[in-house]
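The values are calculated or read from the model by the stated rules, or taken from the named source; none is laboratory data. Not measured: the values here are computed from a predicted model. Methodologically, a virtual Cβ is constructed for each residue, glycine included, from the backbone with ideal geometry; neighbour enumeration extends over all protein chains shown.
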């Protein structure tokens, strides 16, 4: 079937994203579901794949986007858990040969779908899966945040950071976070952060040590230089989780001397490597964070929404670093 999608026509800047007609194969497997998409979300990984190409090479054009939300349009012969018309969301595709969610429709295995509660709107459901999985795996599965622990989260007003603040606080963690403006500081305080560190005006290491005498858990989504400086803000036997890869210790071997645990979190690994059991665990996380949103215990902050045809403009905006919360795409 022919659908419209935003295709990365080459490696490069936002201008390479162009609307095209593509061929979406349906029907496929008997447990597949055809989802008519209503919304999708942008993530930093989309920028990476746009610039450098997909992880998986194939014959299909590169359609970006991992997060999608829509309604069930058709189902395979063996599908039993969803019905036509159900509202669903998911994290699937967008890493190469499997089409992503910058499109009018997607084909998704039944087991990879989460039903969206009536009280959760389309854009929120689209924005939630990847960041929900990432922060859950980082803070709950890897760092295992406990009540009363001091937690430092970098970039707290960003699409990932503002979810990390809330999940850490829900486990009883005492949260400090770095932000760049007073507007962002006000938001993170509303979301549960005890301390908003204006990193352009304050030394975040000194501020964190003055607040905690050493943080127990640090969440890094800023990169090598910030992560190495973060080691100095940690308590002995602290845990650092990073979304950016491990850069090694600082010149004074601070991580080694403090006996820090350093853990990578790359939530796309199960999709890239085809690890179905891990993907099923991630779907369970999506269902739990959706329930938290429906209960009013977790909030998605929306920075901006663009029409699907303006996906390039959405990428350009995301790359400015000005987004407070998630950037999404509205699909007709």
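Data overview
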quantity: Unmet criterion (only one of (1) in contact with a strand residue (DSSP E or B) (Cβ under 9 Å, 6 or more places away or on another chain); (2) outside the structural domain of residue 122 (by TED's automatic domain parsing)) for residue 251; calculated: (1)
quantity: Looking only at region 303-332, and only at residues there that are in a strand (DSSP E or B) and touching a residue at least 40 places away in the same chain (Cβ under 8 Å), the one that is nearest to residue 177 (Cα to Cα); calculated: 325
quantity: Residue among 87, 83 that alone is without any contact (Cβ under 8 Å) to a residue 24 or more places away in the chain and outside the structural domain of residue 222 (by TED's automatic domain parsing); calculated: 83
quantity: Residue in region 39-55 that is farther than 27 Å from residue 273 by Cβ and either more than 23 Å from the chain's Cα centre (by Cα) or buried (at least 21 other Cβ atoms within 10 Å of the Cβ) (or both) present; calculated: yes
quantity: Residue within region 255-262 that is surrounded by fewer than 13 Cβ atoms within 10 Å (Cβ to Cβ) and either in the same structural domain as residue 92 (by TED's automatic domain parsing) or without any contact (Cβ under 8 Å) to a residue 12 or more places away in the chain (or both) present; calculated: yes
quantity: Single condition residue 191 does not satisfy, out of (1) within 18 Å of residue 165 (Cα to Cα); (2) surrounded by 17 or more Cβ atoms within 10 Å (Cβ to Cβ); (3) touching a strand residue (DSSP E or B) at 6+ places or on another chain (Cβ under 8 Å); calculated: (3)
quantity: Some residue of region 228-243 being assigned to a loop (DSSP other than H, G, I, E, B), assigned by TED's automatic domain parsing to the domain that holds residue 163, under 30 Å from residue 95 (Cα atoms) and at pLDDT 95 or above; calculated: yes
quantity: Residue match in region 2-23 (condition: over 22 Å from residue 309 (Cα atoms) and in contact with a helix residue (DSSP H, G or I) (Cβ under 9 Å, 6 or more places away or on another chain)); calculated: no
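Yes/no per residue for (1) within 26 Å of residue 178 (Cα to Cα); (2) in contact with a strand residue (DSSP E or B) (Cβ under 7 Å, 6 or more places away or on another chain):
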{"site": "229", "(1), (2)": "yes, no"}
{"site": "241", "(1), (2)": "yes, yes"}
{"site": "266", "(1), (2)": "yes, no"}
{"site": "278", "(1), (2)": "no, no"}
{"site": "298", "(1), (2)": "yes, no"}
{"site": "301", "(1), (2)": "yes, yes"}
